[in-house]
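Chemist: Please read through the structure below; I'll follow up with questions.
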2 protein chains.
Amino acid sequence: MSLKDLRISEAEHKTRIEKIRGEMRGSRIGALYLTNPTRIMYTTGFSYISTERPLALVIPMDEPLFFMAPQLEYDHIRGECTLADEVYTYPDYPGKAHPIRIFARQMAERGLGSSVIATDSFDGAAGGFGYRGPSLRDLMSKARFVDGRDIVDSMRLVKSKQEIRLLRESARWCEVAHDILLENVRSGVHDALIAVRSSHEALARMLKRLGQRYVQFKIALSPVVVGFRGQVGRGSAIPHAVYSKEKIRRGDVLVSEAGVEVGGYTSELERTVIVGKPGSKVVRYFTAMLKAQDAALHEFRPGIACSKVDDVARQSIEASGLAEAIRHHTGHGIGLDGHEPPWLDPGDRTIMRQGMVFSCEPGLYVPGYAGFRHSDTIEITGKGMDLITHYPRGLEELTI
Amino acid sequence: MSLKDLRISEAEHKTRIEKIRGEMRGSRIGALYLTNPTRIMYTTGFSYISTERPLALVIPMDEPLFFMAPQLEYDHIRGECTLADEVYTYPDYPGKAHPIRIFARQMAERGLGSSVIATDSFDGAAGGFGYRGPSLRDLMSKARFVDGRDIVDSMRLVKSKQEIRLLRESARWCEVAHDILLENVRSGVHDALIAVRSSHEALARMLKRLGQRYVQFKIALSPVVVGFRGQVGRGSAIPHAVYSKEKIRRGDVLVSEAGVEVGGYTSELERTVIVGKPGSKVVRYFTAMLKAQDAALHEFRPGIACSKVDDVARQSIEASGLAEAIRHHTGHGIGLDGHEPPWLDPGDRTIMRQGMVFSCEPGLYVPGYAGFRHSDTIEITGKGMDLITHYPRGLEELTI
């Protein structure tokens, strides 16, 4: 892998922008106005901390793209994003003149005052942290605003070769991180400590190998996250646990998670781990979970509906007599965001296509006792699917 | 400190809900419908991972509050939140029936179908991760929807004694974490590694002292975050840098950040740190920054406008002849969110009141060279202000 392989190339960003313009042309849209940081990153490669301060990327149909941003992001955008023609700034939020009023004037000055504007926010701002402001749509009364979210999001459904390469590089380090995690598990230690320690060790190993080729894009203490996130003992029965009130004990069922950001993309690797010899109840649930994941993994292929994979996993769990232990659907798309459409859910009839990437993670949960879930990341290929994450899945290998 | 002191008490949550109902009564609102995780946590103490799956807390005027949530949060809410009367669930998102349609029916069944509903989302959902859905407002055509964000947010402007106690406990561990960070700084090491290692050491020390009294509320690899976030050498000139492309070198100016979540609340402690003997240019900028922070710190008191503190910091920087190095305003409110209103900004005339908490962080930035910023967290008292963060601020003490 060469340096440029650890991030999306400028050429691919230019191709994405051309595709966006193609969509815009077809719908007679004059400009696409984006405020969501993931969409802005997908389009330009520029990543930033989204706060109360409005920041917008504007892609006019016939002119170079430009940013409107708080002053504190000016040097950042200039240093990181070669695709922007201009970066217009305002002093700060809320400001003597509200940033969105300044943006409305700027749009008019750029000749977009009476255009059809597709946007992901009629307010004109991402709107975090107690943000308040006038709506851009109200301020630009001569323009016509339409929902522009799908212009970008529909492109994100199918991953490019570069995106899949980044997800595979991510998975490789998820596997290393997960090995380190399992080496660090100890009874009597809080899982949060094991998580941060293991993340540090895995990050050290990754930076040693990749060096300056590696650049973290998304804001986080660590681009390597490996741990149990409170899914410890009976806490493992809470799929979205945040923190464990107890230390790890012998006999606990643990559910792990490993995610490593590479070029903005993060694969998902999760395992059910048993501390000490598993009893018969553990074996029963673990086996049923594994069967359901196997069934789902065998179903992925181009041409079938996303709901079908969920259906197969559910049927497998029902056949094991454990339907009451289901708490969620079978998985989700994954890429720049940790969860993305399409969904492996009864309500999603999206047809799978080559290049789509999914988590596959049917789970079983028994309140007050334990939870059982593996998650792997897979890619839809021309004929079927390939695993992106490669990691032992059997009970014996995951008993420590 | 007793166990309950490391989180907001149930009694205080009940008081908050009563205050909310008082506001609702005055405005003839039938129910408050909340989707934002910070507002839900402020109101109930329940914290969760907000995703594409809609989750709502409803506070009817005259009946117990209830949740509407995905099935995977049922046991979590039941285990963590004693204030909820009922938790209505849907299988998953997007589902055969869309969750928001299920929510609309549930609202009608609870007798709220033609009420005045105050909400923080007319869509009825927080809307992350590619979420799409019908608008709750459209589905409940007999109800009248009004913006309800300020019902909660206006209460959050002034912190209670419990909130300030948690911010002080947070600050105490920020100081410990920052000491550890400075001990770990080495030339030739990437700052991300120093950050994760130091966060681990500080977390270990905190958990050893606080044990089971400590519970992490907000989702994060570590509730202790200490590091430089890429603000290393010329990267320190980018206030919202994400990652450094270079390792720490002798002569670098670094800008640190320390934040420790306690009971959901996080204080902010940041320092400008010099690696090796500072030259005259460093001394000039550091001194001007410190003077500006001193000027701002002396200005805080009840009864003055937030803009005044910003004004004083700005004047100090102008007097130092460095106005061109300003990139942002002087600070922000802080509490459950890392940035909260009011803002220390020319555009915010909010009058300071006892119990408001602010970051104080005027900064100076020289593109391609370095950035200079300290941030301290302060509380407005009856007569003036008190520092919440206590940490050395002088050049000599911060030269390593």
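The values are calculated or read from the model by the stated rules, or taken from the named source; none is laboratory data. None of these values were measured; they are calculated from a predicted model. Ideal geometry is used to build each Cβ from the backbone, glycine not excepted, and the neighbour counts take in all protein chains shown.
Chemist: Every residue in region A:148-164 that is farther than 28 Å from A:Ala125 by Cβ and in contact with a helix residue (DSSP H, G or I) (Cβ under 8 Å, 6 or more places away or on another chain), please.
Modeler: Across region A:148-164, the qualifying residues are A:Lys159, A:Ser160, A:Gln162.
Chemist: Could you list, in sequence order, all residues of region A:1-27 that are part of a loop (DSSP other than H, G, I, E, B), among the hydrophobic types (A, V, I, L, M, F, W, C) and exposed (fewer than 14 other Cβ atoms within 10 Å of the Cβ)?
Modeler: First, the residues of region A:1-27 that are part of a loop (DSSP other than H, G, I, E, B): A:1-2, A:7-9, A:27.
Then drop every residue that is not among the hydrophobic types (A, V, I, L, M, F, W, C), which leaves A:1, A:8.
Hit for region A:1-27 is A:Met1, nothing else.
Chemist: State yes or no: is A:Ala220 facing chain B (nearest Cβ under 10 Å) and surrounded by fewer than 24 Cβ atoms within 10 Å (Cβ to Cβ)? Can you show your working first?
Modeler: On the way: facing chain B (nearest Cβ under 10 Å): yes; surrounded by fewer than 24 Cβ atoms within 10 Å (Cβ to Cβ): yes.
Spelling it out, A:Ala220 is indeed facing chain B (nearest Cβ under 10 Å) and surrounded by fewer than 24 Cβ atoms within 10 Å (Cβ to Cβ).
Chemist: Here is a list of conditions, (1) small (Gly, Ala, Ser); (2) more than 14 Å from chain A (Cβ to nearest Cβ); (3) touching a residue at least 12 places away in the same chain (Cβ under 8 Å), and B:Ser141 meets all of them except one; can you say which number that is?
Modeler: (3)
Chemist: Continuing with this model, one more query. Inside region B:181-209, can you point out the residues that are touching a residue at least 60 places away in the same chain (Cβ under 8 Å) and assigned to a helix (DSSP H, G or I)?
Modeler: Initially, region B:181-209 is screened for residues touching a residue at least 60 places away in the same chain (Cβ under 8 Å), giving B:181-182, B:185-188, B:191.
If the condition is that a residue be touching a residue at least 60 places away in the same chain (Cβ under 8 Å) and assigned to a helix (DSSP H, G or I), then B:Leu181, B:Leu182, B:Asp191 are the ones that fit.
Chemist: Hey, another quick one. So in region A:137-168, with the set limited to residues that are more than 27 Å from A:Gly26 (Cα to Cα) and crowded, with 23+ Cβ neighbours inside 10 Å, which one is farthest from the chain's Cα centre (by Cα)?
Modeler: Per the criteria, the residue is A:Leu166.
Chemist: List the residue pairs whose Cβ atoms are under 7 Å apart, where the first residue sits in region B:226-253 and is facing chain A (nearest Cβ under 9 Å) and free of Cβ contacts under 8 Å to residues at least 24 places away in the same chain, the second is of a type in the set (S, T, N, Q) and outside any loop (DSSP other than H, G, I, E, B), and the two are 6 or more positions apart or on different chains.
Modeler: Going by the 7 Å Cβ cut-off, the qualifying pairs are B:Lys245/A:Gln212.
Chemist: Here is a follow-up. Do we find that A:Ser307 is more than 24 Å from the chain's Cα centre (by Cα) and hydroxyl-bearing (Ser, Thr, Tyr) in this structure?
Modeler: no
Chemist: Select from region B:269-286 the residues that are basic (Lys, Arg) and part of a loop (DSSP other than H, G, I, E, B) and write down the one among them that is surrounded by the most Cβ atoms within 10 Å (Cβ to Cβ).
Modeler: Pass one, region B:269-286, residues basic (Lys, Arg): B:271, B:277, B:281, B:284.
Retained after the next criterion (residues that are part of a loop (DSSP other than H, G, I, E, B)): B:271, B:277.
Details: B:Arg271: 22, B:Lys277: 9.
Taking the candidates together, the pick is B:Arg271.
Chemist: If B:Cys81 satisfies every condition in (1) on the phi < 0 side of the Ramachandran plot; (2) more than 24 Å from the chain's Cα centre (by Cα) but one, which is the exception?
Modeler: (2)
Chemist: With (1) surrounded by fewer than 24 Cβ atoms within 10 Å (Cβ to Cβ); (2) touching a residue at least 40 places away in the same chain (Cβ under 8 Å) as the list, and B:Gln315 as the residue in question, which single condition is left unmet?
Modeler: So the condition that B:Gln315 fails would be (2).
Chemist: Condition check: under 22 Å from the mean Cα position of the chain (by Cα), farther than 15 Å from B:Thr82 by Cα and at pLDDT below 95. Does B:Asp62 satisfy that? I'd like the intermediate steps shown before the answer.
Modeler: Details: under 22 Å from the mean Cα position of the chain (by Cα): no; farther than 15 Å from B:Thr82 by Cα: yes; at pLDDT below 95: yes.
Against the criterion (under 22 Å from the mean Cα position of the chain (by Cα), farther than 15 Å from B:Thr82 by Cα and at pLDDT below 95), B:Asp62 does not qualify.
Chemist: Let me ask another. Among the residues of region A:325-379, write down those that are among the polar types (S, T, N, Q), more than 27 Å from B:Ala97 (Cβ to Cβ) and not in a strand (DSSP E or B).
Modeler: Taking region A:325-379 and keeping what is among the polar types (S, T, N, Q), we get A:330, A:350, A:354, A:359, A:375, A:377.
Still in the list and also more than 27 Å from B:Ala97 (Cβ to Cβ): A:354, A:377.
Correct list: A:Gln354 only.
Chemist: Kindly provide the set of residues from region A:70-107 that are touching a Lys or Arg at 6+ places or on another chain (Cβ under 8 Å) and closer than 15 Å to A:Gly124 by Cβ, ordered by number.
Modeler: A:Pro70, A:Tyr93, A:Pro94, A:Pro99
Chemist: Further question: Kindly state which strands (runs of 3 or more DSSP E) lie completely within region B:28-107 and contain at least 2 residues that are touching a residue at least 12 places away in the same chain (Cβ under 8 Å) and within 14 Å of chain A (Cβ to nearest Cβ).
Modeler: Numbers: elements: B:31-34, B:56-60, B:66-70, B:86-90.
So the answer is B:66-70, B:86-90.
Chemist: Kindly evaluate B:Asp153 against the criterion of being assigned to a helix (DSSP H, G or I), in contact with a Pro (Cβ under 8 Å, 6 or more places away or on another chain) and under 30 Å from B:Ile388 (Cα atoms). Step through it out loud before you land on a result.
Modeler: Numbers: assigned to a helix (DSSP H, G or I): yes; in contact with a Pro (Cβ under 8 Å, 6 or more places away or on another chain): yes; under 30 Å from B:Ile388 (Cα atoms): yes.
Yes, satisfied.
Chemist: Can you tell me which residues in region A:226-241 are out of contact with any Phe, Trp or Tyr (no Cβ under 7 Å at 6 or more places or on another chain) and closer than 18 Å to B:Cys81 by Cβ? Quick ask: steps written out before the conclusion?
Modeler: If we filter region A:226-241 for residues that are out of contact with any Phe, Trp or Tyr (no Cβ under 7 Å at 6 or more places or on another chain), which is where we start, we get A:226-229, A:231-233, A:235-236, A:238, A:241.
Scanning region A:226-241 gives A:Gly235, A:Ile238, A:Ala241.
Chemist: Could you count how many residues in region A:330-370 are under 19 Å from A:Leu254 (Cα atoms) and either surrounded by fewer than 23 Cβ atoms within 10 Å (Cβ to Cβ) or over 21 Å from the mean Cα position of the chain (by Cα) (or both)?
Modeler: Matching residues across region A:330-370 total 7.
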